[in-house]
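The values are calculated or read from the model by the stated rules, or taken from the named source; none is laboratory data. Remember, it's a predicted structure, so these values are computed and weren't measured experimentally. Don't worry about glycine lacking a Cβ; one is built from the backbone with ideal geometry, like all the others, and counts go over all protein chains shown. For accessibility, only protein heavy atoms count, side chains too; no ligands or nucleic acids. Shrake-Rupley method; radii C 1.70, N 1.55, O 1.52, S 1.80 Å.
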Amino acid sequence: MIILGIETSCDETAIALVEASGGLMAPKFKILKSFVASQIKIHRPFGGVVPNLAKREHIKNLPILFKKCQMSGIKCQNIDLIAVTVGPGLEPALWTGITFAKELAKQYKKPLLGVSHLEGHLYSFLLPKKTNIKCQVSSIKKNFPAVALIVSGGHTILLLLKDLKTWKKLGETRDDAVGEAFDKVARLLKLPYPGGPEIEKLSKKGNPAAVNFPRPMIYEKNYDFSFSGLKTSVLYYLRDTNIRMHSNDTNNTNKNIADVAASFQQAAIDVLVKKTMRAAKEFKAKSVLLSGGVATNQALRKNLEKATRAEEINFLAADKKHNTDNAVMIAAAGYMDFLRKKKYPLKADGNLGI
Ligand code: KG4
Ligand code: ZN
């Protein structure tokens, strides 16, 4: 079946067409078209996402992206299902997608399903890397039970999955999400929004062992996380060591800042990897699934890949472009909802859980 996915939960407007087939034990996805209009440049001067600006941009971008889909030769009559994100996210932004999807569903007389953004991230490991290639993770069955780590700007969640439709939450962050911590530390280091990719870039020039930042909750016997203390430690470190962001001694200062970035990144990664692996071992997971915007971080991917390999556990993560917000994952989650007969109400729910 052909699914039109629509995503407007935060600062990316995205529309995708995905061909889905197979059952719950072997879903297959082929990406026909995927368009993402990023609003980064618009929000950057404000250092974060401004909900009303996001809403305005989504309203402007949605018809443009839909038109691009139409121009790519796929007829609206051939769409079997429309899937739209209903939460979690910014409610004014979510409503723009829902309203647009409702209008399309009415105009073309198509069924419409509300989709969880977090389930979109969760299922992203099932997506093919490239457009027009069919992908099925080889033998879904042999990858379960699985432990999934979802790391984004709003969430840090560990799940235990029995199969593709049955899971329970093992733990989550008690304060800041890890992506939020990256964004806040980036701001302390005077780096532009979004901070995650900037910290990653800068970290490559720094020494991850230069500053011994705390690894919050790393030894606690639960699967929760906490990142706000780590961010505060960076703040205190900068204040106490008097690293000035605009010093004349630029070479030295740049090196110091790169060391801070790399040390912060390593502290965050250590906690994520340690707790994920502890869960994977405790629950005898056959695979670890990594998703969400922070999953684009190469150092995190490498560290988790290495740790899983040592335990002979499969490591599954989508291609980087499918880790940050996109509509392909929403179409895929729509298909999974269709298969498991799950229906979310067609209204924005900023705090929709998983
Ligand atoms: O999943 P996503 O695109 O949006 C949400 O659902 O929140 O995630 C965005 C988050 C932001 O906090 C951003 O700074 C972070 O993902 N991020 C990264 C990287 N790329 C994006 N964090 C660390 N390293 C990266 N390379
Ligand atoms: Zn997201």
- Using a Förster distance of 35 Å, how high is the FRET efficiency between LEU53 and LYS274, based on the Cβ-Cβ distance and rounded to 0.05? 0.40
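What accessible area per residue comes out for the range 137-317, rounded to a whole number of Å², with a 1.4 Å probe?
With the other protein chains kept in place, the range 137-317 gives 46 Å² per residue.
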- The Cα extents of the range 224-354 along the principal axes, largest first and rounded to whole Å, are 61, 41, 26
- Measuring from the longest principal axis of the C-alpha atoms of the chain, the long axis of helix 91-108 (C-alpha) lies at a number of degrees, nearest 10, equal to 20
- Query: Using alpha-carbon positions, what is the distance between the centroids of the range 252-276 and the range 51-121, in Å?
  - Reply: 37
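Below 8 Å between Cα atoms, with a sequence gap of 6+, how large is the relative contact order for the range 137-317 in percent?
Computed value for the range 137-317: 28 percent relative contact order.
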- Query: Any idea what the dipole of the range 135-230 comes to, in debye rounded to 20, about its Cα centre with Lys/Arg Cβ at +1 and Asp/Glu Cβ at -1?
  - Reply: 320
- Message: Taking a ≥ b ≥ c as the square roots of the Cα gyration tensor eigenvalues, with a/c under 1.5 meaning rounded and otherwise prolate when a/b beats b/c, else oblate, which class fits the range 52-119?
- Response: oblate
- Query: So between GLU305 and LYS129, what do we pick up on full extension, going 0.36 nm a residue minus the alpha carbon distance?
  - Reply: 61.6 nm
- Note on the structure: To the nearest 10 degrees, the tilt of helix 178-188 (Cα long axis) against the first principal axis of the alpha carbons of the chain is 50
- Do you know the relative contact order of the chain, to the nearest whole percent, from alpha carbon pairs under 8 angstrom that are 6+ apart? 26
- The answer for chymotrypsin sites (Phe, Trp or Tyr not before Pro) in the range 153-245 that fall in a DSSP coil and have at most 10 neighbouring Cβ atoms within 10 Å is TYR219
- Message: Between 0 and 90 degrees, rounded to the nearest ten: what's the tilt of helix 298-310 against the longest Cα principal axis of the chain?
- Response: 90
- Pair-distance profile P(r), taking every C-alpha pair of the range 137-317, with 5 angstrom steps and integer %: 1, 9, 17, 21, 18, 13, 9, 6, 3, 2, 1, 0
- Query: Extension gain GLU103-ASP80, at 0.36 nm per residue separation less the Cα-Cα distance, in nm?
  - Reply: 6.7 nm
- Hz values of 3J(HN,Hα) by residue in the range 63-68 - Karplus curve (6.51, -1.76, 1.60), Gly and Pro given as x: x, 5, 5, 5, 4, 4
- Message: Taking 22 Å as R0, compute the FRET efficiency from the Cβ-Cβ separation of LYS141 and LYS341 and round it to 0.05.
- Response: 0.55
- Kirkwood Rh, Cα Rg: Rg to Rh for the range 130-243? 1.07
- Candidates per trypsin sites (Lys or Arg not before Pro) in the range 252-330, loop by DSSP, up to 11 other Cβ within 10 Å: LYS284
- For the chain, the longest stretch holding no GluC sites (Glu not before Pro) located in a DSSP loop with at most 14 other Cβ atoms within 10 Å is which? 1-219
- Task: Residues in the range 143-177, backbone N under 17 Å from the label point at LYS284 (7 Å along the Cα-to-beta-carbon vector): list them, ranges by number please.
- Result: 143-147, 160-163
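Going through the cross-link list LYS110/LYS343; LYS102/LYS343; LYS169/LYS231; LYS41/LYS321, which pairs have a Cα-Cα distance over 20 Å in this structure?
LYS169/LYS231
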- Cα-only Rg/Rh for the chain with Kirkwood Rh rounds to 0.98
- Message: Rounded to the nearest 5, what % of DSSP beta bridges with both residues in the range 137-317 are antiparallel?
- Response: 50
- Taking only DSSP H segments of four or more residues, each worth -39500 (n - 2.57), what value at 222 nm results for the chain once the sum is divided by all its residues, to the nearest 500 deg cm²/dmol? -13000 deg cm²/dmol
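How much length is gained on full extension from LYS201 to ASN222, taking 0.36 nm per residue of separation minus their Cα-Cα distance?
Fully extending the segment from LYS201 to ASN222 adds 4.4 nm.
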